[in-house]
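This is the structure I have questions about; it appears just below.
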Amino acid sequence: MFDVDDSPARVSATPAAAAHLRDLAARTGELTVLLTDDRVRVLVDGQPVPSGSLRLGRLDDAVTFAADSTARTAWWRNRADIDLAEATPRDGGLGFALTALSEPELYAAVACGPLPRI
């Protein structure tokens, strides 16, 4: 079995989206980017993350990516690509698209076990 460090990346961000998130974190403190089936919610320091949310990864020490565990989306076999395109202000200026993990990434994901919960 692999450990979680060997798991494939479950989230990526375009350079513009990453810069936006880093700037927002610098102004508001640590934040969590919560993905649901159809939108992005940005939770700033102190806002609770729904119980049982899945940890998808981190951008840096101040930005964590999480996913709603009650969603229909199979987070374990997809990568969320975060972007600024076609987003609304309520989403913190962010949107996302899903891409399937490649076959080797999928095998590595299975070998690492379930996604950790927050």
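The values are calculated or read from the model by the stated rules, or taken from the named source; none is laboratory data. All of these numbers come straight from a predicted model, not from anything done at the bench. Here the Cβ positions follow ideal geometry from the backbone for every residue, glycine too, while neighbour counts run over all protein chains shown.
Going by the conditions given, is Thr73 within 17 Å of Ala17 (Cβ to Cβ) and either loosely packed, with under 14 Cβ neighbours inside 10 Å or among the polar types (S, T, N, Q) (or both)?
On the way: within 17 Å of Ala17 (Cβ to Cβ): no; either loosely packed, with under 14 Cβ neighbours inside 10 Å or among the polar types (S, T, N, Q) (or both): yes.
No, not satisfied.
Which count do you get for residues in segment 40-60 that are in contact (Cβ under 8 Å) with a residue 24 or more places away in the chain and either more than 18 Å from Ser12 (Cβ to Cβ) or polar (S, T, N, Q) (or both)? Break it down into steps so the answer makes sense when it comes.
Of all residues in segment 40-60, those in contact (Cβ under 8 Å) with a residue 24 or more places away in the chain come to 40-42, 49, 52-57, 59-60.
Those still in the list that are either more than 18 Å from Ser12 (Cβ to Cβ) or polar (S, T, N, Q) (or both) too: 41, 49, 52-53.
Looking only at that region, the number is 4.
A further question on this structure: Against the definition (modelled with pLDDT under 90 and under 26 Å from Val110 (Cα atoms)), how does Asp81 come out, yes or no?
Numbers: modelled with pLDDT under 90: no; under 26 Å from Val110 (Cα atoms): yes.
Taking the combined requirement at face value, the residue does not satisfy it.
Being aliphatic (A, V, I, L, M) and either free of Cβ contacts under 8 Å to residues at least 12 places away in the same chain or loosely packed, with under 15 Cβ neighbours inside 10 Å (or both) is the filter here, so list the residues in segment 26-39 that pass it. Quick ask: steps written out before the conclusion?
Quick first cut of segment 26-39, residues aliphatic (A, V, I, L, M) only: 26, 31, 33-35.
Within segment 26-39, Ala26 is the sole residue that qualifies.
While we're here: Can you find even one residue in segment 1-8 that is at pLDDT 90 or above and either surrounded by fewer than 19 Cβ atoms within 10 Å (Cβ to Cβ) or over 11 Å from the mean Cα position of the chain (by Cα) (or both)? Explain how you work it out, then say what you get.
Here is the first cut: in segment 1-8, the residues at pLDDT 90 or above are none.
Looking for residues that are at pLDDT 90 or above and either surrounded by fewer than 19 Cβ atoms within 10 Å (Cβ to Cβ) or over 11 Å from the mean Cα position of the chain (by Cα) (or both), one finds none in segment 1-8, hence no.
Working carefully through the options Ala80, Ala100, Ala111, Ala67, find the one that is in contact with a helix residue (DSSP H, G or I) (Cβ under 8 Å, 6 or more places away or on another chain), within 17 Å of Ser12 (Cβ to Cβ), small (Gly, Ala, Ser) and in contact (Cβ under 8 Å) with a residue 24 or more places away in the chain. Walk me through it before giving the result.
Details: Ala80 fails: in contact with a helix residue (DSSP H, G or I) (Cβ under 8 Å, 6 or more places away or on another chain); Ala100 fails: in contact (Cβ under 8 Å) with a residue 24 or more places away in the chain; Ala111 fails: within 17 Å of Ser12 (Cβ to Cβ).
Criteria check complete, one pass: Ala67.
Further, regarding this structure: Quick one: is Leu106 modelled with pLDDT of 90 or more and over 26 Å from Leu24 (Cα atoms)? Please lay out each step first, then the result.
Working: modelled with pLDDT of 90 or more: yes; over 26 Å from Leu24 (Cα atoms): yes.
The answer is yes for Leu106.
Determine which single condition Ile118 fails, assuming it passes every other condition in (1) in contact with a Lys or Arg (Cβ under 8 Å, 6 or more places away or on another chain); (2) among the aliphatic types (A, V, I, L, M); (3) modelled with pLDDT of 90 or more.
Answer for Ile118: the failing condition is (3).
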